Amino acid sequence: PLCVFDDTRMPYEGKIAVDRKRAEQALRAACTSEAYLLPDACRELADLLERARSGSAGEIARIRTTAFARAKELAVDNPYFMYVLGTFYADGMATVKDPAQALVWLGKSCDGFDPLGCIAAGKALRATTKPDDAERARVYFERACAAGVDDGCTLGKVAAPKAATVHAKGCGCAGGIAGGDAGALALVLLAIFTRRNR
C-alpha cells in the first residue's frame, strides 16, 4: 500500500494511475488493522491526508502519534522497524528531532542486518566526519551491498586518489613532473629505498 500514492514521482514504475481514494483506503487498512497496524503505513496516510488537505489537523496528529507508538513497540525485536523508528527520530515525526537517537536505532537496525537501516546509518555516520564513524559507515555500506542493495556498493566505495599530472614538455604547473624526468625520478627513489633497506 505504501507505493499506491506518491504525487512527487510520475509516471509510476508499474504505470499505475494516481488514485488518491484507493491509496487512502489501502493505507487506512494497513494503519488501522489490529493484526498489522504498520507504522510506516500510518505515516504515509498522515502525509497523504496533509498533502490532499482531506483530513483534520487532529486526525493527522493522532495518526502520526499512533505511527510513532507502534514503531517503538515493533522496534524492540525487529530490525526493519528499528529502521523505521530511526527515521522517525531523524525527521521529527511525532517526536522531537533527535539525530543521536536516530543513529542509535539505525545502527541497531543495521546490526540486525536490515539493508535500509545500514544505508541510513552509514549516511548519518559519514555526515559526522569523524574517522571512527567513517569506518563504521564503510562497514554498514558493505553490509547493504552484501544484501544486494546497489546504493550500499556505490556509497561504500572510496574514491581513488587523483594521479599526479604529467606534462610532455617541462613543468607547466606547480607540482607537475616533466615527462622526460619521470624515469629519472623513479630511479632516484629506487636508489634511496634500496639504501634504507640495507
### Message
I want to confirm something. Restricting to the range 65-77 and keeping residues that are without any contact (Cβ under 8 Å) to a residue 12 or more places away in the chain and not aliphatic (A, V, I, L, M), which single residue is surrounded by the fewest Cβ atoms within 10 Å (Cβ to Cβ)?
### Response
D77
### Task
Report the residue count in the range 115-150 for those that are basic (K, R) and outside any helix (DSSP H, G or I).
1
### Task
Filter the range 90-114 for residues that are crowded, with 18+ Cβ neighbours inside 10 Å and either of a type in the set (D, E, K, R) or assigned to a helix (DSSP H, G or I) (or both) and give the result.
A90, A102, L103, W105, L106, G107, K108, S109, C110, D114
### Query
Within the range 120-135, how many residues turn out to be open to solvent by 70 Å² or more (accessible area, probe 1.4 Å) and modelled with pLDDT of 95 or more?
1
#### Entry: R62 assigned to a helix (DSSP H, G or I), within 19 Å of A41 (Cβ to Cβ), open to solvent by 30 Å² or more (accessible area, probe 1.4 Å) and in contact with a Pro (Cβ under 7 Å, 6 or more places away or on another chain)
no
### Query
For the range 110-123, which residues satisfy the criterion of being under 20 Å from K72 (Cα atoms), within 12 Å of the chain's Cα centre (by Cα) and among the small types (G, A, S)?
G117, A120, A121
### Task
Looking only at the range 28-49, count how many residues are of a type outside the set (A, V, I, L, M), more than 25 Å from the chain's Cα centre (by Cα) and either buried (at least 23 other Cβ atoms within 10 Å of the Cβ) or assigned to a helix (DSSP H, G or I) (or both).
2
#### Entry: So R53, is it farther than 27 Å from L155 by Cβ and not polar (S, T, N, Q)
yes
### Task
Give just the number: which of (1) open to solvent by 40 Å² or more (accessible area, probe 1.4 Å); (2) of a type in the set (A, V, I, L, M, F, W, C); (3) under 19 Å from W105 (Cβ atoms) does A52 not satisfy?
(3)
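The values are calculated or read from the model by the stated rules, or taken from the named source; none is laboratory data. If you're wondering where the values come from, they're calculated on a predicted model, not measured in any experiment. So basically every Cβ, Gly included, is an ideal-geometry build from the backbone, and we count neighbours across all protein chains shown. These accessible areas exclude ligands, DNA and RNA; they are computed on the full protein's heavy atoms, side chains included. Shrake-Rupley method; radii C 1.70, N 1.55, O 1.52, S 1.80 Å.
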